[in-house]
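First up is the structure itself, then whatever we jot down about it.
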Amino acid sequence: MKTLQVELGDRSYPIYIGSGLLQQADLLLQHIPGQQVLVVSNETVAPIYLDQVQESLRDLQQDAVILPDGEQFKTLDTCNLIFDALLKKHFNRTVTLIALGGGVVGDITGFAAACYQRGVHFIQIPTTLLAQVDSSVGGKTGVNHPLGKNMIGAFYQPRCVIADTATLDTLDDRQLSAGIAEVIKYGLICDLDFFAWLERNIDKLLAREHDALSHAIEVSCRIKAEIVAADERESGQRALLNLGHTFGHAVETGTGYGSWLHGEAIAVGMLMAADLSARHGWLNENDLQRIRALLLRARLPVAAPEQISTREFLDLMAVDKKVLTGKLRLVLMKSMGHSVVTDQFDHKLLLDMLEQFPRQPNAVQVSA
C-alpha cells in the first residue's frame, strides 16, 4: 500500500492506494469519528462491493442509499435521496457519509456532506480509475445543471481517500479508457516524463496490470495533491487541472449528460486545446500527433460531436467557472508538459479551430 498526503493544514488527509484495501476494515474505521454511517453507492457498484464495506461497519449504526447510475443523474433531485435517508434515520452531525462508486457518486455524496446540517464527515472510496486519479481527490463536490456542468457545488474535503485498485478488475473497458484520459492529462499539464511513460505502458494499463495501474494512480494523485495543497479553491494554479475541460464540458452539456462519459469528452477537449495551442505556434505537428496517437491507443475518441455547432460551443463555453469579468480563460499548452491558464489567446484562431476540428456523429466513436 502506498500512502500520499494532501497537505491542507488541519484538513489534511491521506490517500491510500493498493490492492485489497476494502478488506482492511481498520483502514476505514480509523477515519470514522462517530457511530453513525451512511454508505452511498449506485446500482452498478452496490451489488459488487456494498456488502463488503458494510461488513466492516457492522458495529456501527449504518444505512445505505443506492443511486441510479449515470452522469444524467448527477442532479439536485438525486442528492435529495441522500438527504431523505439521513433525515428518516435521524442521523445527526456526527454521521459520516461514505461515497462508494465513481465520480458521480463521489461528487454527489461530498456535496450532500457539505450541506447536511452545514457539514458532516465523508470518506471517498472510488471504484473507477477516473475517480481514483482525479475526482475523489481535492474536495470538489457538486451536481450538474441543465445549463452547465458542475455549476452547483462546494469545496469540501474528505477525511480520507481509499483507492482499492482491485475494484478496477470489475470496471468495464469504456470506463477504464475514460479514466486513462484524466491520467494522460497529468502528463500534458506538468510532467512530460510521465506522458512518455504512458506512451510506453498504455497497453499494460489497458490490460489492467496492477503494477502499471498503481504507478499511474500514484503519480496522478501526487500531482493533484501538490496542486490542491498550493491552490485549494482554484484561484490560480489549480485551474491547470481543467486542461480540456472547457471544451469537454461543452461536449457533455451539448450532447446531454450521459451520452459521452466524462473522460471521453475530456479526451476530445484536450486534443482541441492542443490544436488551438499549435495554431498559436506553441506546439508543433509532431506534438499534436503524439497526443492524438496516445488517445487513440487508449481507445478514446478524437473527434467532436457534429451536432454541436461552433456557435453552440462558444455559448456553452461561456458558462464556465474559469470565465472572469466576462473573459473566457482556457488551459492551453505552451509546450508538451507545460500548460498555462490564460485569456491571452487569439479568438480568430479559436473560431478557426472550432470550425475545422474533426467531427463525428453524436454517438461516441473511437477510430483512426
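Here, each number is a calculation from the coordinates, and none is a lab measurement. These figures come from a predicted structure and were not determined experimentally. Cβ coordinates were reconstructed from backbone atoms using ideal geometry, including for glycine residues, and neighbour counts include every protein chain displayed.
Values computed for the structure shown
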item	result
Estimated dipole of region 173-360 in Debye, rounded to 20 [Cβ of Lys and Arg +1, of Asp and Glu -1, Cα centre]	60
Label zone at Glu226, where the point sits 7 Å out along the Cα-to-Cβ direction: region 130-161 residues whose backbone N lies under 20 Å	132-139
Gained length - Ala196 relative to Asp59, 0.36 nm times residue gap less alpha-carbon distance	44.6 nm
Nearest-0.05 FRET efficiency for Asp77 and Glu285, computed from C-beta distance (R0 56 Å)	0.75
Antiparallel bridge percentage (DSSP; both residues within the chain; nearest 5)	40
Ranked list, fewest to most other Cβ atoms within 10 Å of each Cβ, for Ile108, Ile15	Ile15, Ile108
Nearest 10 degrees, 0 to 90: helix 347-356 Cα axis against the chain principal axis	90
Leading residue at positive end of dipole, region 285-341 (Cβ point charges), from Ser335, Ser309, Leu295	Ser335
Entries in Lys185/Lys327; Lys89/Lys185; Lys204/Lys327; Lys74/Lys327; Lys2/Lys334 that, when Cα-Cα distance is taken, lie over 31 Å	Lys89/Lys185; Lys204/Lys327; Lys2/Lys334
Charge dipole (debye, nearest 20) of the chain; +1 at Cβ of Lys and Arg, -1 at Cβ of Asp and Glu	640
Footprinting exposure proxy for Ile217, Ile82 (fewest neighbouring C-beta atoms within 10 Å first)	Ile82, Ile217
Exposure proxy order (Cβ contacts within 10 Å, fewest to most) of Leu22, Leu330	Leu22, Leu330
Ordering of 1-10, 254-263 by packing [mean C-beta count within 10 Å, highest first]	254-263, 1-10
Only Lys, Arg (+1) and Asp, Glu (-1) charged, at Cβ; region 2-170 dipole about Cα centre in debye	520
Taking region 1-144 and dividing mean pair separation by its residue count, relative contact order in percent (alpha carbons under 8 Å, at least six apart)	22
